[in-house]
Amino acid sequence: MSVIAIVLAAGKGTRMKSDQAKVLHRAAGRPLLAWVLDSLGGVDVDQTVAVIGYQAEAVAEVLPSGVLPAIQHEQRGTGHATQVGLGAADVSPDDVVLVLLGDMPLITPATLRSVLFVHEQTGAAATLLSVILEEDSAFGRVLRRDGHVVGIVEVRDATPEQLTVREMNTSVYAFRAAHLIAALEQLRPDNDQGELYLTDVIGILVSSGHPVAAVVLPDPDEARGVNTLEEHEAVSDLLAARGAGSDPE
């Protein structure tokens with residue numbers, strides 16, 4: 001069994017008000033994507049694939065040796081991006097696929113190892129990393145029934161009641177490869193954005209009778225992504241406070 005990491009890094013980042021690809025914006029002296037790939041360096045991963053799209057050539061130039069680029073030519077959502085990443089990897093059915101975003105520079109190796117550990121120990125088809133936030137957020141909401149994860153709903157598709165849920169999805173997951181591949185084939189763009197959502201895989205797996213586990217992130221700062229200039233400034237300050245270039249654990 002191998003662990004394949006897929007880093008989703010194809011987006012333009014329109015709200016950054018810049019022509020530069022979002023993951024190339026620098027924080028504490030380094031591209032956002034570099035911080036994420038550094039964190040993967042502290043995890044026992046056999047293959048790493050970076051799914052790139054907007055300004056693909058420029059993003060590929062910052063990829064370290066051994067990280068495979070996979071180009072998402074058309075932005076059709078996170079589910080489609082994951083399919084593109086799997087297509088570039090050497091994947092077997094029993095492998096574990098770790099999926100994360102290229103704009104989460106505060107994520108630590110310890111957290112990623114925790115997700116993989118719980119995934120292995122529970123035997124779940126998928127394990128997601130969630131965070132408890134008291135304030136409203138653009139994060140999708142983790143839906144539970146009798147304590148068990150049954151799905152994720154994106155904010156723009158959520159009901160008012162679902163928006164009151166405080167457990168939120170960070171978009172970090174571990175999947176059993178065979179289950180992920182089968183569920184991705186069932187995705188449909190039946191949502192507000194007309195895209196293939198990776199989040200819908202969770203509900204598909206549950207509906208198919210497969211258990212889904214969750215790890216609640218102790219430090220909410222690790223879940224911070226970068227979509228706006230304000231968020232970029234916030235993560236830059238937090239990285240600087242950690243000590244740029246130091247071990248992010």
Whole number in Å², please: accessible area per residue of the chain, 1.4 Å probe, ligands, DNA and RNA not counted. 45 Å²
Take every DSSP beta bridge with both residues inside the chain and express the antiparallel ones as a percent of the total, to the nearest 5. 45 percent
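When a/c is below 1.5 the answer is rounded, else prolate if a/b is larger than b/c, else oblate, so apply that to the chain with a ≥ b ≥ c taken from the square roots of the Cα gyration tensor eigenvalues. Don't skip to the end; give the middle numbers.
Details: a/c = 1.33, a/b = 1.20, b/c = 1.11.
Verdict is rounded for the chain.
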In nm, the gap between the two label points placed 7 Å beyond Cα toward Cβ at Asp136 and Ser114 is 2.8 nm
Restricting the calculation to Cα positions, tell me the Rg (one decimal) and the Dmax (whole number) of the range 112-196 in Å. 13.7, 36
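Count charges around Leu180 for me, please; just the other residues with Cβ under 13 Å from its Cβ, Lys/Arg as +1, Asp/Glu as -1.
Working: positive: Arg176; negative: Asp94, Asp95, Glu185, Asp200.
Counting the neighbours of Leu180, the net charge comes to -3.
When the accessible area of the chain is split by element with a 1.4 Å probe, what percent falls to carbon and sulfur?
48 percent
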Taking θ as phi - 60°, what are the ³J(HN,Hα) couplings along the range 203-208 by the Karplus curve (6.51, -1.76, 1.60), each to the nearest whole Hz, with x for Gly and Pro? x, 4, 5, 4, 4, 8
Checking the a/c ratio against 1.5 first, then a/b against b/c, what shape does the Cα gyration tensor give for the range 37-133? prolate
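The values are calculated or read from the model by the stated rules, or taken from the named source; none is laboratory data. Nothing here was measured: the structure is a model prediction, and the numbers come from that model. With ideal geometry, Cβ positions are generated from the backbone for all residues, glycine too; neighbour counts draw on all protein chains shown. The protein model used for the area step is the full one, side chains on, heavy atoms only, and it has no ligands, DNA or RNA in it. Shrake-Rupley method; radii C 1.70, N 1.55, O 1.52, S 1.80 Å.
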